[in-house]
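Only one structure is covered here, and it is reproduced in the block below.
The values are calculated or read from the model by the stated rules, or taken from the named source; none is laboratory data. Quick caveat: nothing in here was measured; it's all calculated off a predicted structure. We place every Cβ from the backbone using ideal geometry, glycine too, and count neighbours over all the protein chains shown. We work out accessible area using only protein heavy atoms, side chains counted, and drop any ligands, DNA or RNA first. Shrake-Rupley method; radii C 1.70, N 1.55, O 1.52, S 1.80 Å.
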Amino acid sequence: MIVHYIRLEMVRLLRDPGYLVMSLISPLTMYLVFNSLDLTGDSGHGGAVYSMVGMAGFGAIGAVMGSGVAIAEDKPIGWIRQLRLLPLRPLEVVVGRALCAMVVTLPPILSVCLAGALVNGVSLGIGQWAAVLALLWVGIAPIAALAIGLGYLLTGQQAQMAGLVCYMGLSLLGGLWVPISKFPGWLEHLATATPINRYGELSWRVTDGDAPSLTGVLVLAAWAALFAAVAVYGYRRSARSA
Amino acid sequence: MTVQTTETASAVEFAGVTKSYGAVRAVDGLDLRLVRGTSVALLGPNGAGKSTTIGMLLGLLQPDSGTVTLLGTTPEQAVRAGRVGAMPQSGRLIGRVTVRELLGFVRLAYAKKTKAVGRAAAVPALGELMEAARITELAGRKADQLSGGQAQRVRFAIAMAGAPDLVVLDEPTTGLDIEARRELWTVVRGYADRGGTVLFSTHYLEEADDHADRIVVIDRGRVVADGTSDDIKRRVPGRTVSFDLAGPAPSLEVLPGVVSSEVGGGRARLHTTDSDATVLALAEAGCIRNLEVAGARLEEAFLTLTHAGTARAEIRAEGGAR
């Protein structure tokens, strides 16, 4: 049934293509600008790869946060309540909606990586490309759960504010713009506990020729479990009011 | 409480249910039992506690105290098993999908669940469902671009998509014009006539009168009257008979049809449910000086019932309750 739910929400999404287009403009522009700003302190190939992953991830966060706002806007019309009154398990609805949010991350991820390869001369092996793309997509799952949880819990306007704070704050703190090695020691330490840093790290390790670290995966999994619980709670709660 | 029949026959059971919002007690010790296969109206003015009652019935709200049993189980489980269809109050339909896509999804959700739990009731085919709700010609329309009446019929189709054991409609006709109302009720009646159990809330006595086998009147979160439409009307004074008194007042309240009376300014005013019988009896007694019979509108009578209901202690009819 989750497949049918995803299909319905995807139909709604794809009939509003402006949203998909918006989701790739800002990360793509920022990637092209940031790369020439040389924020990584590595003006060569390493810097181009680093900021490609960073900006693809940044775009992915923006896209999932937009899904949270869309959910918040579904509440006043009673759609969340209607779903709650259908024979669907809350987890089914929440996971379905999270997967929809993840689909929206594909345009920014793919376009930034394409720009990396075509404009900024990023060259990776086929296997590395495949791994980076897959990790950028799958790794966003915890943040997708966070975004839709915020959507269920907050009003449209609040979700927009919270989304913006997460978009900018988590991206910056997670080292998507500037490597966390340039942060003061205590902040660098803190950053490694954030989901976004661990999300970026999955791909950065691959581009450096390593496998993702177990610690990183565990930190991400812990955040995913927490945010999924918040999302299910939010979904169940949101049906009460509207 | 009858133990042996409860499981099978009762669709809904509230036992001592209370729900407050801050200092406001929305539902105040509600006891209510609804039998399957009937149409029941939850009638009450705005703020009587109808929506809170329905919210608890559907498991959207938790009661502060007391228990709600739905189809022999908890509301949440009954909903999860696809045994309930609901049309919540004041919802709109989502955009960018057609009526067919939306209803198809809902129907499938019920169909899969029905199959999984091995429930006997067959989920109707999509075409049949649209036919029954009179929305066939709307199938290709965008769901958020319908008129109020069309949207409510689609929402009713959503409620009955799973051939549920119980359909709950929270003020389904609010905001609709007379024609749209009539069409919606035709569809709901069709469903009820095929054996469905319907519980709807309304603040129109007329709707309850026309479409319910049983009317439960609630006010300030309590049941103030409960019975068939005739039971209720028998207890609602529809007319006022007044006449000049000559001498001491006879015992007016024992006259046929009279529910209550007032005496003042040399005139007696009798509130009666059967003005013909009252007038005849008065004529026999010779009390017809300046006799006047005035009609009370049904709505006014209903207001008398709900607002005076607390003072007039026993207007409870047992008729439909057992």
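A few remarks follow.
- Per-region count, region A:53-81, residues over 21 Å from A:Leu135 (Cα atoms) and not acidic (Asp, Glu): 12
- Filtered residue count, region B:91-125, keeping only those that are in contact (Cβ under 8 Å) with a residue 60 or more places away in the chain and in contact with a Gly (Cβ under 7 Å, 6 or more places away or on another chain): 1
- Only one entry in B:Pro237, B:Pro248 is surrounded by fewer than 18 Cβ atoms within 10 Å (Cβ to Cβ) and on the phi < 0 side of the Ramachandran plot, namely B:Pro248.
- A:Tyr235 meets each of the listed conditions (1) surrounded by fewer than 19 Cβ atoms within 10 Å (Cβ to Cβ); (2) closer than 16 Å to A:Val94 by Cα apart from (1).
- Selection count where residues are crowded, with 20+ Cβ neighbours inside 10 Å and either under 14 Å from the mean Cα position of the chain (by Cα) or among the charged types (D, E, K, R) (or both), scope region A:133-161: 14
- Test: B:Val123 is at negative phi, touching a strand residue (DSSP E or B) at 6+ places or on another chain (Cβ under 6 Å) and among the aliphatic types (A, V, I, L, M): no
- Any hit, region A:164-177, residues being open to solvent by less than 50 Å² (accessible area, probe 1.4 Å) and touching a Leu at 6+ places or on another chain (Cβ under 6 Å): no
- Among (1) under 25 Å from A:Tyr235 (Cβ atoms); (2) touching an Asp or Glu at 6+ places or on another chain (Cβ under 8 Å), the one test that B:Arg107 misses: (2)
- Of everything in region A:3-12 that is open to solvent by less than 50 Å² (accessible area, probe 1.4 Å) and closer than 13 Å to A:Ala98 by Cα, the residue that is nearest to the other protein chains (Cβ to nearest Cβ) is A:Tyr5.
- Of all residues in region B:251-265 being over 30 Å from B:Leu42 (Cβ atoms) and buried (at least 16 other Cβ atoms within 10 Å of the Cβ), the one that is nearest to the chain's Cα centre (by Cα): B:Ser261
- Looking at region A:14-115, the helices (runs of 4 or more DSSP H) lying wholly inside it that each contain 3 or more residues that are within 17 Å of A:Ile2 (Cα to Cα) and either within 14 Å of chain B (Cβ to nearest Cβ) or without any contact (Cβ under 8 Å) to a residue 60 or more places away in the chain (or both) sit at A:79-84, A:90-103.
- Summed over region B:185-207, residues that are basic (Lys, Arg) and either within 14 Å of the chain's Cα centre (by Cα) or crowded, with 22+ Cβ neighbours inside 10 Å (or both) total 1.
- Matching residues in region B:208-218 - criterion: being closer than 18 Å to B:Pro45 by Cβ and open to solvent by 10 Å² or more (accessible area, probe 1.4 Å): B:Asp209, B:Ala212
- Which numbered condition B:Lys113 misses (of (1) part of a loop (DSSP other than H, G, I, E, B); (2) within 14 Å of another protein chain (Cβ to nearest Cβ); (3) of a type outside the set (A, V, I, L, M)): (1)
- Of the strands (runs of 3 or more DSSP E) lying entirely inside region B:14-98, those containing at least 2 residues that are modelled with pLDDT under 95, under 18 Å from the mean Cα position of the chain (by Cα) and more than 14 Å from every other protein chain (Cβ to nearest Cβ) span B:24-35, B:39-43.
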